[in-house]
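Data first, discussion second: the structure below is written as C-alpha cells.
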Amino acid sequence: MIAPSLLERAQRLGAAPTYIDATKQPRTVSESALSAVCDLLEAGESDTGDPDAPYARVVLVRGGTLRDGSAGDGAPVVVDIEFEAGGAEGPVVIADPDDLGAVMPLGSLPVGIHTLRWERNGRSGESALLVAPERFPMSPRTRPGLALFAPAYTLWSEADPLPSYDNLPRLGAALSANGIGTLATLPLYAPGLGADFQASPYSPTSRFHWNELFVPDRLLQPDSGDVPELGDRIDWPAVLAARTEQLRATAQDLPDRRRQHLAAFLTARPDVTAYADWASRHDPSLHDAFLVGQFLAEQALADVATGLEGRGQTIALDLPVGARENSWETATWPDLFVAGATIGAPPDRFFTEGQNWALPPLSPTTSRRDGHRVWAHLLRSACRFAGVLRIDHVMQVFRLWWIPPGHSADDGVYVHYPADELLAVAAIVAHQTHTTMVGEDLGTVPDSVVELLADWGLPGMYEEGFTIHDWAPEPRPRPGETVAPTVLPVVPNDAWAGIRTHDMPAFATTAAELDLTRYREALAADLGEAVPPEGEPGSDEQYVGLHDSMARRLFRSEACEVVIDLDDVLGVTVAHNVPGTIADTNWSRRSAVPVEALRDDERVTRTCSTMTRP
C-alpha cells in the first residue's frame with residue numbers, strides 16, 4: 001500500500017503509481033521506486049512563471065485553434081508575439097486568454113515556435129507559442145512505398161571497404177531498378193573517438209553531431225597506418241585507430257580552399273567547436289580531428305542526400321531516444337537531464353526482467369520551461385539530411401520508464417511528459433523541413449497513445465514478427481481476449497510495416513525454430529493464394545517462400561511503406577545485436593557481399609518482384 005501523501009506527490013509530479021503491463025494486467029510500482037522518482041522530479045522543479053499569469057510556459061495553437069490557455073481573473077492583459085523567423089505582431093489587449101483568437105487571426109500565424117510576451121497589472125513574462133499544423137505532413141500514396149533496411153556500418157564496397165557514408169548511395173544505385181525508394185538505416189551519430197568510443201549506434205556521445213568514422217576515403221588523407229583486416233566482423237579498435245589517424249592527417253594538411261570552407265562552416269555552426277572542445281577533453285590532440293570530422297561528415301551526408309534524390313530515392317534516419325550519461329548533450333544542457341536515473345522499459349514477453357538502456361531521462365519540467373526548443377533543435381538537426389525520420393521509442397513524448405538509482409529495470413516508474421506539446425514541436429519541424437516522421441510505437445502502448453498518434457496523423461510501425469510468435473504453435477489470444485484469433489490482424493493504415501526490427505531474431509532463425517504451420521495456413525487465406533513452396537519445416541525453401549509471401553501481404557495492405565530487411569532477403573541468421581548484452585560481437589557484423597554485388601542479386605530481385613506483382 002502506497003502512502004496517501006506519496007500518491008499526492010506523484011500525481012502532482014506526473015509519476016504513475018500504477019501501469020498496465022504487456023499482458024494488459026494492472027501493476028503497482030514499489031513505494032521505494034516511486035518515492036525515489038518523486039525526489040528526482042522535485043529536485044528539478046523551479047518556478048515556471050507567475051502563477052497569476054494568464055498563460056503557462058507553453059501555449060499551443062494547432063490548426064488555427066488555441067488549444068492551451070488558462071483562465072485569467074478578468075484584468076486586462078497586453079500580449080504581443082515575436083516570430084521565430086523575425087518580425088512581430090501586436091500588442092493587443094484582452095481580458096482572458098481565450099479571447100486571443102478573437103482579436104488576432106490565429107489561422108494566419110506562421111507555423112513555428114514563437115515567443116508570446118504578456119503584461120498585466122504591471123507584471124510581465126513570456127511563454128513559448130507553438131503554432132502547429134493540424135496534422136503531420138504525409139505524401140499521398142495509392143500503394144505502399146518500398147524501403148530496404150541495412151545498417152550503414154555493415155555496408156562495404158570495392159571503393160570503400162571500411163564503413164563509409166558513400167556506401168549508402170552506392171546501395172541505392174544497386175537497388176533502384178528493384179523499386180526501392182527509401183534506404184532505412186540505424187542512427188549515424190557520433191560514437192566518440194579514443195576512450196569515449198562505443199560501437200552501439202543507440203548510445204552516441206551526441207545526437208547533434210555525426211559519426212566521424214564514416215567519412216569516406218575520398219575526403220581524407222591516405223591512411224598512414226595499417227589497414228584493418230577485413231572479415232565477417234568489423235575490428236572496431238583497428239578501424240578507430242586508422243580513421244583517427246586519417247582525420248589527424250587531413251586536419252594538418254587541409255588545402256587553403258578547404259580550410260576557408262571549414263572556417264565558414266565553423267562560423268555558421270559554433271556548436272561544432274563546442275563539441276570538439278568537449279570531445280577532446282581527454283586528448284587535446286584530437287581537437288582538430290573532431291572539427292574536420294564534422295565538416296567532412298556534413299559534406300558526405302549532403303552528397304548522400306543529393307545522390308539518392310537524383311534517383312528519386314531518400315534516406316530514412318533513426319533518432320535514438322537519448323544520448324549516454326557522459327555526453328556532449330548532458331554537458332551542454334545539464335539541467336535538461338536528470339542525473340542518476342536511467343530510462344528503459346518494464347518487463348514484457350521478450351525481456352522478462354525489463355530493460356535498462358543506461359540513458360539519462362529528459363526533465364519534463366526543464367524542457368517545458370524552455371519551450372521544448374532543444375527538442376526542436378534536435379529534430380531539425382536530424383532532418384537536414386533525412387527524407388524520413390524514425391523517432392525511436394515514440395512513447396518518449398508520452399511517458400518514460402524511469403529507473404532510479406539502486407533499482408533494477410523491473411522496479412521503475414512511468415513519468416509522464418506533455419505529449420501534445422512535444423508532438424506539436426515535431427509536427428512543426430516536419431512541416432518546416434518537409435520531412436516524413438514515423439513513430440516507433442512497438443511494445444506495450446496504451447490505447448490512449450494510439451489514439452493521440454492517430455489524431456496527429458503520425459504514422460506508427462507494424463512488425464509481422466510479433467504475429468508470427470502469437471500464432472506459433474497455434475494462435476494465441478490477444479491481450480484482453482479469451483478466444484484465439486482466426487484471421488491475421490489488419491495492418492494499420494499508413495503504418496511503416498515490416499517483418500521484424502533489428503532487435504528481433506533474424507527471420508531465418510525464427511522460421512527454423514518455430515512451428516509456423518498454422519500461420520502459413522492463415523497467411524495463405526489472407527492472400528487468397530498458396531504460400532510457395534511448402535518444403536520441410538525450417539528448410540531454406542520454406543523460409544524463402546514464407547518470407548516473400550509475408551512481404552507480399554504487407555505490400556497489399558494500407559501501409560504507407562513496407563520495409564524489408566536486407567539480412568532477411570539474403571537469409572542471414574547472425575543478429576546485429578543481442579539486446580541486454582554488452583559484447584564485442586554486437587554492432588560489428590559486416591555484410592557478406594559488397595553493395596555492388598546486390599545489383600544483380602536474384603534474391604533481392606525475387607523478393608521485390610514477388611511483392612509488387614499484380
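The values are calculated or read from the model by the stated rules, or taken from the named source; none is laboratory data. Fair warning: this is a prediction, and the values are worked out from it, not measured in the lab. Backbone-built Cβ (ideal geometry, glycine too); neighbour counts: all protein chains shown. SASA here: full protein model, heavy atoms, side chains in, ligands and nucleic acids out. Shrake-Rupley method; radii C 1.70, N 1.55, O 1.52, S 1.80 Å.
Tabulated values for the structure
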quantity: Cα Rg over Rh - segment 558-614, Kirkwood; calculated: 1.06
quantity: Unit charges at the beta carbon, dipole of the chain: most positive-side option, Leu319, Ser124, Met550; calculated: Ser124
quantity: Ordering of 233-245, 416-428, 380-392 by burial proxy (mean other Cβ atoms within 10 Å per residue, highest first); calculated: 416-428, 380-392, 233-245
quantity: Rounded, prolate or oblate (a/c below 1.5 giving rounded, otherwise prolate when a/b exceeds b/c) for segment 277-338 by Cα gyration tensor; calculated: oblate
quantity: Label-point separation in nm, Arg311 to Asp283, each point 7 Å along Cα→Cβ; calculated: 3.6 nm
quantity: Highest-first arrangement of 330-337, 505-512, 102-109, where packing means the average Cβ count within 10 Å; calculated: 505-512, 330-337, 102-109
quantity: Cα-based Rg / Dmax (Å) for segment 402-486; calculated: 17.2, 48
quantity: Extension reserve of the Arg218-Ala263 stretch, reckoned as 0.36 nm per residue once the Cα distance is removed; calculated: 14.1 nm
quantity: Two-site label geometry, Asp80 and Glu325: point separation in nm, points 7 Å out along Cα→Cβ; calculated: 4.8 nm
quantity: Simple label model, 7 Å out from Cα along Cβ direction - Ser448 to Thr28, nm; calculated: 2.0 nm
quantity: Cβ-based charge dipole, the chain, positive-most Cα from Gln260, Val37, Leu193; calculated: Gln260
quantity: Spin-label proximity, Arg599 to segment 154-173 - amide N less than 17 Å from point 7 Å beyond Cα toward beta carbon; calculated: 156-161, 166-173
quantity: Point-charge dipole on Cβ atoms (K/R +1, D/E -1) for the chain, about Cα centre, debye to 20; calculated: 840 debye
quantity: Relative contact order for the chain, counting Cα pairs under 8 Å that sit 6 or more residues apart, in percent; calculated: 17 percent
quantity: Kyte-Doolittle at least 0.5, axis length at least 27 Å by Cα - qualifying DSSP helices, the chain; calculated: 287-309
quantity: Expected 222 nm ellipticity per residue - DSSP helices of 4 or more, -39500 (n - 2.57), all of the chain, to 500; calculated: -10000 deg cm²/dmol
quantity: Listed residues His209, Thr436, Thr585: farthest to the positive end of the dipole of the chain (Cβ charges); calculated: Thr436
quantity: Theoretical gain in end-to-end length, Asn121 to Ala302 [0.36 nm per residue, Cα-Cα removed]; calculated: 60.0 nm
quantity: For segment 340-425, diffusion coefficient by Stokes-Einstein and Kirkwood Rh (Cα), 4 °C, 1.567 mPa s, µm²/s; calculated: 92 µm²/s
quantity: Segment 120-185 - charge dipole about Cα centre, Lys and Arg +1 at Cβ, Asp and Glu -1, debye rounded to 20; calculated: 500 debye
quantity: Rg and Dmax of segment 226-339, Cα atoms only, in Å; calculated: 16.7, 46
quantity: For a label point 7 Å along the Cα-to-beta-carbon line of Ala339, residues of segment 394-419 with backbone N under 18 Å; calculated: 403-406
quantity: Cβ-placed point charges (K, R +1; D, E -1), dipole of segment 183-255 about Cα centre in debye, nearest 20; calculated: 320 debye
quantity: Shape call, segment 96-199: gyration tensor on alpha carbons, a/c limit 1.5; calculated: oblate
quantity: The chain shape via C-alpha gyration tensor axes, a/c threshold 1.5; calculated: oblate
quantity: For segment 431-578, alpha-carbon Rg over 2.2 N^0.38 Å; calculated: 1.08
quantity: Efficiency of FRET from Cβ geometry, Asp256 and Asp411, R₀ 45 Å, rounded to 0.05; calculated: 0.15
quantity: Whole-percent carbon and sulfur share, accessible surface of the chain, 1.4 Å; calculated: 52 percent
quantity: Considering only the chain, percent of DSSP beta bridges that pair antiparallel, nearest 5; calculated: 55 percent
